[in-house]
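These notes are about the structure you will find just below.
The values are calculated or read from the model by the stated rules, or taken from the named source; none is laboratory data. This is a predicted model, so every value here is computed, not measured. FYI the Cβ positions are ideal-geometry reconstructions off the backbone, even for glycines, and counts take in every protein chain you see. Just so you know, the surface numbers come from the protein's heavy atoms only, side chains and all, with ligands and any DNA or RNA stripped out. Shrake-Rupley method; radii C 1.70, N 1.55, O 1.52, S 1.80 Å.
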Amino acid sequence: MSRHPAYRPRRLRRTEALRRLVRETRLAAADLVQPLFVVPGRGVERPVDAMPGVKQLSVDRAAEECRRLVDLGVSAVLLFGLPERKDAGGTAALDPEGVVPRALEAIRKAAPELLLITDVCLCAYTDHGHCGVLRDGAVDNDPTLAVLAETALTHARAGADMVAPSDMMDGRVGAIRRALDGAGFTELPIMSYAAKYASAFYGPFREAAESAPAFGDRRGYQMDPANAEEALREVALDIEEGADVVMVKPALPCLDVIRRVKDRFGWPVAAYQVSGEYAMVKAAAARGWLDEAAVVAESLTAIRRAGADVIITYFARDVARGLGR
Ligand code: PB1
C-alpha cells in the first residue's frame, strides 16, 4: 500500500536549504589528507605529467606549499620521499639526513599546525622498485620488517606525527609498533595500509614517486582486488598488531570494503583516493567530458558515506579551498 500522497519524499528536495538541512554525509577540509612528493635539491617544483597539478617538490618548496595548505584549511599531509640514490636494500630510507627527515623539520617550522604523516615503504628507495628487500627475485618478508621498523623510527626521531606503512608485508605493523615502543615512541600512532589491493589504479603514482617495479608486479604482497573477506582478515591482523587507523586502498573501487571494515571493526578508517582515480577525473575534465569540482565532491562524499573517517586525496588542496574553513 503506497503512503503517497501522505508521504512525499520530494518535499525535502524542493530547495537547497531543505536538502542541506537533511543532508546525511558532510565533507570537511579537516577530513582530508594531501599527499606530497618530496625530492632532493632546492627550488625544485617538477610537474608530474600523469597527475596534472601534482608536483615533485624540494624540501623548501614543500614547506612553502604546506604553509599554503594550512591557510586553505587542510590539516594533514602524507609525505612520500624520493632519495638521492637507490640501492637493493633501500638504505636511503634509514638516513636521518634523508629527504623525509629534512622535510619534517622544515615543514614543522613553516606550518606547525599541520599533522605530518609519513609513508613507510621501500619502493621509492630500492633500485628494483619493490616494497621490500629481495631474495631469489621475490620480496623477502621477514628481513624487510627490520628495515621498515628502522625507517619508521627514523621518521619518528625526525618528528613525524604518525607513520603509515604501505608495504603490505606480513607482520609489519607489529614490528613497527614494537620498534617505536622500544625507542620510547609509545604515543606515536600507526596508520596502516591494511587492505591495500594490487590495483591497476596506481600507475600515475609510480611516475610521481619513480617507484615502478623493475620487474614483475606487486601481486605477491598486495591483495587480489577480487577479495573482500581477505581484506577483513588483513584489517583484523593490523588492529591486533597495533594499528591505530586502518586504510582501504584504492577508495572508489572499494566502497564495499570500506563499509564492511567500518561496520565490522568500528576502528578509525582511512581511504586513499589514489593517483589513477585522480588522473581519470583530470583527464575527463580536461576534455570537457566531466565537471571536475562536481565529480570530485561526489566521489569524496561517496567515500565518506561508505564509512571513511579520513580521506587521502590529491584533491585535498582544491576541495579545501572550495569548502572554506
Ligand atoms: O596514489 C597512488 O596510486 C598511491 C600508490 C601507493 C602509495 N602508497 C603504492 C603504489 C604502488 O603500489 O606502487 C605505493 C606502495 N608503497
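Things worth noting here:
- Filtered by the rule that a residue be small (Gly, Ala, Ser), in contact with an Asp or Glu (Cβ under 9 Å, 6 or more places away or on another chain) and over 13 Å from PRO101 (Cβ atoms), region 127-161 gives GLY129, GLY132.
- When the residues of region 259-277 are filtered to those that are in contact with a helix residue (DSSP H, G or I) (Cβ under 7 Å, 6 or more places away or on another chain) and in a helix (DSSP H, G or I), the one that is nearest to the ligand (Cβ to nearest atom) is SER275.
- Search result, residues across region 94-128 that are surrounded by 21 or more Cβ atoms within 10 Å (Cβ to Cβ) and either at pLDDT below 95 or within 19 Å of MET168 (Cβ to Cβ) (or both): ILE117, THR118, ASP119, VAL120, CYS121, LEU122, CYS123, ALA124, TYR125, THR126
- The condition (being farther than 19 Å from TYR278 by Cα, in contact (Cβ under 8 Å) with a residue 60 or more places away in the chain and among the charged types (D, E, K, R)) is satisfied by just one residue among GLU16, GLU24, GLU64: GLU24.
- Of the residues making up region 236-258, those that are closer than 22 Å to ASP161 by Cβ and either without any contact (Cβ under 8 Å) to a residue 40 or more places away in the chain or not in a loop (DSSP other than H, G, I, E, B) (or both) are ASP238, ILE239, GLU241, VAL245, VAL246, MET247, VAL248, LYS249.
- Options ARG68, ARG61: the member that is in contact with a strand residue (DSSP E or B) (Cβ under 6 Å, 6 or more places away or on another chain), over 24 Å from PRO189 (Cα atoms) and not hydroxyl-bearing (Ser, Thr, Tyr): ARG61
- For ARG219, the criteria (1) open to solvent by 30 Å² or more (accessible area, probe 1.4 Å); (2) free of Cβ contacts under 8 Å to residues at least 40 places away in the same chain; (3) more than 11 Å from the ligand (Cβ to nearest atom) hold in every case but one, which is (3).
- For GLY174, the stated conditions hold: it is out of contact with any strand residue (DSSP E or B) (no Cβ under 8 Å at 6 or more places or on another chain) and assigned to a helix (DSSP H, G or I).
- Among residues of region 179-213, those that are open to solvent by 10 Å² or more (accessible area, probe 1.4 Å), within 12 Å of the ligand (Cβ to nearest atom) and among the small types (Gly, Ala, Ser), counted: 5
- When restricted to residues that are within 21 Å of the chain's Cα centre (by Cα) and part of a loop (DSSP other than H, G, I, E, B), region 132-157 contains 1.
- Against the criterion of being among the small types (Gly, Ala, Ser), touching a helix residue (DSSP H, G or I) at 6+ places or on another chain (Cβ under 8 Å) and open to solvent by less than 10 Å² (accessible area, probe 1.4 Å), ALA50 does not qualify.
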